[in-house]
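The values are calculated or read from the model by the stated rules, or taken from the named source; none is laboratory data. All values reported here derive from a predicted model rather than from experimental measurement. Because the Cβ atoms are built from the backbone with ideal geometry, glycine has one as well, and the counts that use them run over all protein chains shown. When the accessible area is computed, the model is the full protein with side chains, heavy atoms only, and any ligands, DNA or RNA have been set aside. Shrake-Rupley method; radii C 1.70, N 1.55, O 1.52, S 1.80 Å.
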Amino acid sequence: MMMRSSNHSQLGLSMLEVLISIAILSIGLLGLAGLQTRLQVSEMEAYQRAQALILLDDMVSRITLNRKNAISYVTGATSPMGAGMTCPTAITSIKDNDEKEWCESLQGASETQATTKVGAFIGGRGCVEDLGGNQYMVTVAWQGLAPVSAPPASVACGKDLYDGGACTNNLCRRVLTATVGIANLK
């Protein structure tokens, strides 16, 4: 009488276990690749926000230092400085120089490749609005990489300038604002 070994019944199981392990590993690696992509988008968004903060602070400082002429910095929300505009070239005052430098910075003049400006965020624009009572709102707007939520309706700088593709209703417009108050020391 011959005894049957239990090894014959398990011949295909190790191959099946290997295939299942490969499938699970593949799914995990695809998830990791997706996470890496989202991390890169988040990193770029954070970089753009940091650049916007620097440029926002720059213009707030310029207005504060030239407080006697603060009203002359007003651009309004419908005529932002930066992307898509020609920066001022005539320098006859501190304000003219401030606007020229801020406009060029919004366009990325701090870093260039050949003749292309690459040192700023995507579509950087800046506005200075008169809120009345010696109060001014400085806004920096730029193009986000993915739709999130629209900025408040009270912030009009760059409104409807970043729509297209997946970005509608200002869902890709990012803004930072700061209010500058000029004291009346009479």
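Odds and ends about this structure:
- Residue match in the stretch 78-89 (condition: in a helix (DSSP H, G or I), under 14 Å from Gly126 (Cβ atoms) and in contact (Cβ under 8 Å) with a residue 24 or more places away in the chain): no
- A single entry from Leu65, Leu56 fulfils the requirement of being over 17 Å from the mean Cα position of the chain (by Cα) and either of a type outside the set (D, E, K, R) or open to solvent by 20 Å² or more (accessible area, probe 1.4 Å) (or both): Leu65.
- Subset of the stretch 127-186 (residues that are within 17 Å of Ala83 (Cα to Cα), open to solvent by less than 20 Å² (accessible area, probe 1.4 Å) and outside any strand (DSSP E or B)): Gly144, Cys157, Gly158, Tyr162, Asn170, Cys172
- The lone exception for Ala50 - which of (1) out of contact with any Gly (no Cβ under 7 Å at 6 or more places or on another chain); (2) without any contact (Cβ under 8 Å) to a residue 24 or more places away in the chain; (3) farther than 23 Å from Gly181 by Cβ; (4) part of a loop (DSSP other than H, G, I, E, B) it fails: (4)
- Glu17 vs. criteria part of a helix (DSSP H, G or I), among the acidic types (Asp, Glu), over 14 Å from Val138 (Cβ atoms) and free of Cβ contacts under 8 Å to residues at least 40 places away in the same chain: yes
- The residue that is nearest to Ala50 (Cα to Cα), counting only those in the stretch 150-186 that are in contact with a strand residue (DSSP E or B) (Cβ under 8 Å, 6 or more places away or on another chain) and of a type in the set (S, T, N, Q), is Thr177.
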